[in-house]
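Presented below is the structure to which this report refers.
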Amino acid sequence: MSFFQPHVAKASQKHTLGPEHQPWVEKYRPKTIDDVSAQEHTVAVLRKTLTSTNLPHMLFYGPPGTGKTSTILALSRQLFGPDNFRSRVLELNASDERGISIVREKIKNFARQTPRAQAVASDGKTYPCPPYKIVILDEADSMTQDAQAALRRIMENYARITRFCLVCNYVTRIIEPLASRCSKFRFKPLDPSSTSSRLSQIAVAERIPVTDEVISALISTSQGDLRRSITYLQSASRLSMSTSPPSDITPSDIQEIAGVVPDAVIQDFAAALGIDVLSDAAMDVDDTAKPKVKGFDGVRKKVREIIREGYSASQIISQLHDVIIEHPILNARQKSRCALAFAEVDKALCDGADEELWILEAGLRVHKAVS
Amino acid sequence: MSLWVDKHRPRSLDELHYHEGLSARLRALAASGDFPHMLFYGPSGGGKKTRIECTLLELFGKGVEKLKIDQRVFMTPSRRKLDVNIVQSNYHIEITPSEVGTYDRVVIQEILKEIAQTQQVDLSAKQRFKVVVIHEADSLTRDAQAALRRTMEKYMSNMRIILCSNSTSKLIAPIRSRCLLMRVAAPDADEMQTVLDYVARREGFAIPEDTAREIVADANGNLRKALLVLEALKMQNTDLESSALTIAKPDWETYCYKVADMIVQEQTPARIMEVRAKLYELLTHCIPASVVIKTIADGVVEKVDESLKADIMHWAAIYEARMRIGNKKIFHLEAWVVKVMSLYKHFFYGIDMDGFDDC
C-alpha cells in the first residue's frame, strides 16, 4: 500500500537536490519556523505545538508570498526530521489530481494508516516525531466543493492519527464545515521592515551589492509578497551579472522586470485624459501638448499607442487609479466617478474582455468625469 | 517556397532588428546558465515567438531546430480522449493547451510531470534542463494556471517554462510572480521600415519610400501583417509604384465598414434585419465576434457627431464584455446595433436620453 510513496519521495529528493542554480525562493526557504519572517503570532502558537507535540487541524490563509507553505513545511520537517518526513507527510497541491476520487482513495488511505515506527534519525539529532501523520493540502481553494465535502468526515474519523493542514489564499472558498474543523491562522502581508531585512540578508549571502533605493523599489513593486520580491531580486541580479562588465542593479531595472508601466507613460496618458499632471517636467510636456487633438480622437490615439507598447491593461488601470485617487486638485465627486469606472473595467478585464476597448472605455469615462 | 515572413524570420538573437536591449538581455540570460522561467507578452506580430525561438537556439545550439511533430492522446478523469499536437525537439517541447478548451489542466499536468521527472539524458547537451514553451498562455483556464504554480517551483532543476501571451491581465498573480517578465512591444514605424527594406533587399528589389510608409501605417504595429502585405503587393505589381497600388483590405474589414454605413444611414426595424443577416454572414466565416464589434464600432465612430462617439464606444465595450460571459454572440451584437441606432436617432431628434440610460 505504498503507491503514494514514489511521489512524496521524489518531492523531497528534489528539495535536497540543490544545484547552485536553484531559485532563491527555494534556496532561502525557512528551515525552521523561527526563520519565518514577520508572522510572529502564528509562529508563537506553532512553537508551542513543537514542545507539546500536539497539533490541531490547521487552516492557513493569506495573500501569496507570505510564508504559508514555508511555515507548514518547516514545521513538519522540525517535527519529523528528514528521515521520517517521507512516510509521515503527504503533500498535495493543485498540480496533483485532486478530484473527489483522489480524496476518497489516496487521502483516505494515507489518513487511515497507523503511523510507522519512528526511524532513527541519521543526522544524530532527536526529533519530537509525534504519533500522527500530516496531510498538507496546498492551494486548497482550488479544490472543488465536492472534494472538500468528502474531506469532512475523513478529517474527523482519523483525527487521532492524522492531522490536516489546508493552505489557501481565499478563506471564503473553503466550505464552512471544513473551516470550522480547523484552527485558522491568518498570514498578513509582510511589513516593509521585515521584507527589507530579509532581502538584505539574501543579498549579503549571495554577495551582490544592493542599494537602499533598490530595496525600496522591490518593496513598493511587490506589495508585501516576499516571494515576488525575492524573484525580482534574483532576476535583476542575473541580468546585472551577465552583462560585461557586471553593472549595478538600478531601481528602473526592478520596475522593468516587475512589468510596471513607467511613470512617464502613465503621466502622459493622464495628461491626454485632461488631468493636470503635477511634477515640473510633466508640466512642460503638458504645455506643449495643448494644441494636440483633444476629446475622443485624442484619447483614442493615446490608447492605441499604449496598447502597441504591449503594457498589460490591468497594470495600466491600477497605476492610473493611483494617479487619480492621490490627485490633489480633483474633487471627491470626480474621483468617485473615476473609481466607479475603474471598478467596472477591472471586472470586465477579469472576465476576459478586449483590452483595447476597455482601456478606451476607462479613458473616455475618466475624461468625461474630469472635464 | 515559403512565405517571406517565414523565410526571413531571424534565426538567432544577433539577427533581430529591433529591441536591442531585450536581445542583449536574453543573450546574457542564456549564457549565464541560470535561466529563469519567462513570460513573454506583447501585441501580436511584435516578434514574441521569434524571440523565443532565438533564445532557445542560443540556449541549446542547432539541436533545437530539429523538430518533430507528435500527436499525443490524453485521458481525462471522465475517460474522454483528447488529441493534442506537440512540437518537440530533444531539448524543448511546445504546446498550445488552449486547443483542448477546458481540459487544458489535464494536458499541463501530464506533460509537465513527464518532462519534469525525466532528466536530460543527452550528455552533450548544453543545459541540464528542458524547456517547455506554452503558447497562448492567456487562454489557459484558472485550473490549469493553478496546476502550473507549484510545478514551476518544484521541478526547477529539470525544467524551465516559457509562457507566451498577448497580455498579462488574464494570468493569475502567482504565475506572474514566478516568471521573469519580458515585454515585447510592437516595433515603431522606423523599425518596421528598416525590416521591410531588409527583406526587400534580400529578395533583390527596392521599395519606394511612400509604399513602405503606407504599408507600415496600414499594419498598425503588426510586423507579420506588414510583411504579408508587402509580399502580396509584390505579387500583384512588380515595380511597386505607389500611385498604382492599393493595399487590399481583407474582405471582412470592408464588409464590416459596409455594415457601419448601413447603421448610420437608416435606423429602422427593416434595416436591423438586414444588418442581422450581415452579422450572421461574418460570424459564419469565423470572424471573432469581438473583432467584428470593434471594427464596426470604429466605422460608426468615424461618421457620427463628436458627442455620440464616447457613448457608442461605451456600449461597444459593455456588449463586448457581456459577449465573453454569455453564450450566444449574435444576441449581444444585435443588441449593440439596436442600442447604437436608438442613440443616433435620439440624438437627431433631440430627445433627452437621461431617463433611459440606466435600463
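Number of residues in region B:36-52 that are open to solvent by 10 Å² or more (accessible area, probe 1.4 Å), more than 10 Å from chain A (Cβ to nearest Cβ) and touching a strand residue (DSSP E or B) at 6+ places or on another chain (Cβ under 9 Å): the value is 1.
Apart from one condition, A:Ser101 fits all of (1) in contact (Cβ under 8 Å) with a residue 24 or more places away in the chain; (2) farther than 24 Å from A:Leu226 by Cβ; the exception is (1). For region B:19-35, the set of residues classified as open to solvent by less than 10 Å² (accessible area, probe 1.4 Å) and either at positive phi or in a loop (DSSP other than H, G, I, E, B) (or both) consists of B:Phe35 only.
The residues on offer are B:Arg201, B:Arg178, B:Arg160, B:Arg128, and the sole one that is closer than 26 Å to B:Ala31 by Cα and at pLDDT 85 or above is B:Arg160. Taking region B:102-141 as the range and being among the hydrophobic types (A, V, I, L, M, F, W, C), over 23 Å from B:Val64 (Cα atoms) and more than 10 Å from chain A (Cβ to nearest Cβ) as the test, only B:Leu140 passes.
Of all the residues in region B:114-166, those that are over 23 Å from A:Arg228 (Cα atoms) and assigned to a strand (DSSP E or B) number 1. A:Arg98 meets the stated requirement of being crowded, with 20+ Cβ neighbours inside 10 Å, modelled with pLDDT under 85 and within 14 Å of another protein chain (Cβ to nearest Cβ). Considering (1) closer than 21 Å to B:Ser307 by Cβ; (2) at pLDDT 85 or above, say which one A:Phe296 fails and leave the rest. In the conditions (1) closer than 21 Å to B:Ser307 by Cβ; (2) at pLDDT 85 or above, A:Phe296 misses (2) alone. Each residue in region A:70-88 was checked for being closer than 19 Å to A:Ser52 by Cβ and either without any contact (Cβ under 8 Å) to a residue 40 or more places away in the chain or open to solvent by less than 30 Å² (accessible area, probe 1.4 Å) (or both), and 10 of them qualify. Taken over region B:142-165, the criterion of being in contact with a helix residue (DSSP H, G or I) (Cβ under 8 Å, 6 or more places away or on another chain) and at the interface with chain A (Cβ under 8 Å from one of its Cβ atoms) is satisfied by B:Arg142, B:Asp143, B:Ala146, B:Ala147, B:Leu148, B:Arg149, B:Thr151, B:Glu153, B:Lys154, B:Tyr155, B:Met156, B:Ser157.
Can you tell me which residue is surrounded by the most Cβ atoms within 10 Å (Cβ to Cβ) among those in region B:63-83 that are more than 14 Å from chain A (Cβ to nearest Cβ) and in contact with a Ser or Thr (Cβ under 8 Å, 6 or more places away or on another chain)? Only one residue fits best here, namely B:Val64. Identify the residue in region A:336-355 that is more than 7 Å from chain B (Cβ to nearest Cβ) and small (Gly, Ala, Ser) and, among all such residues, is least open to solvent (accessible area, probe 1.4 Å). Selected residue: A:Ala341. A single entry from B:Leu16, B:Leu56 fulfils the requirement of being more than 27 Å from A:Glu305 (Cα to Cα), open to solvent by less than 30 Å² (accessible area, probe 1.4 Å), away from every other protein chain (no Cβ under 13 Å) and touching a helix residue (DSSP H, G or I) at 6+ places or on another chain (Cβ under 8 Å): B:Leu56.
Of B:Gln88, B:Gln109, all but one fail to be at pLDDT below 85 and surrounded by 18 or more Cβ atoms within 10 Å (Cβ to Cβ); the exception is B:Gln109.
In region B:32-41 there is no residue matching the filter, namely being in the same structural domain as B:His135 (by TED's automatic domain parsing), modelled with pLDDT under 85 and in contact with a Phe, Trp or Tyr (Cβ under 6 Å, 6 or more places away or on another chain).
The values are calculated or read from the model by the stated rules, or taken from the named source; none is laboratory data. Worth saying up front: this structure is predicted, and the values here are computed from it rather than measured. Cβ atoms come from the backbone with ideal geometry, glycine included; neighbour counts cover every protein chain shown. To get the accessible areas, we keep the full protein, side chains included, count just its heavy atoms, and leave off ligands, DNA and RNA. Shrake-Rupley method; radii C 1.70, N 1.55, O 1.52, S 1.80 Å.
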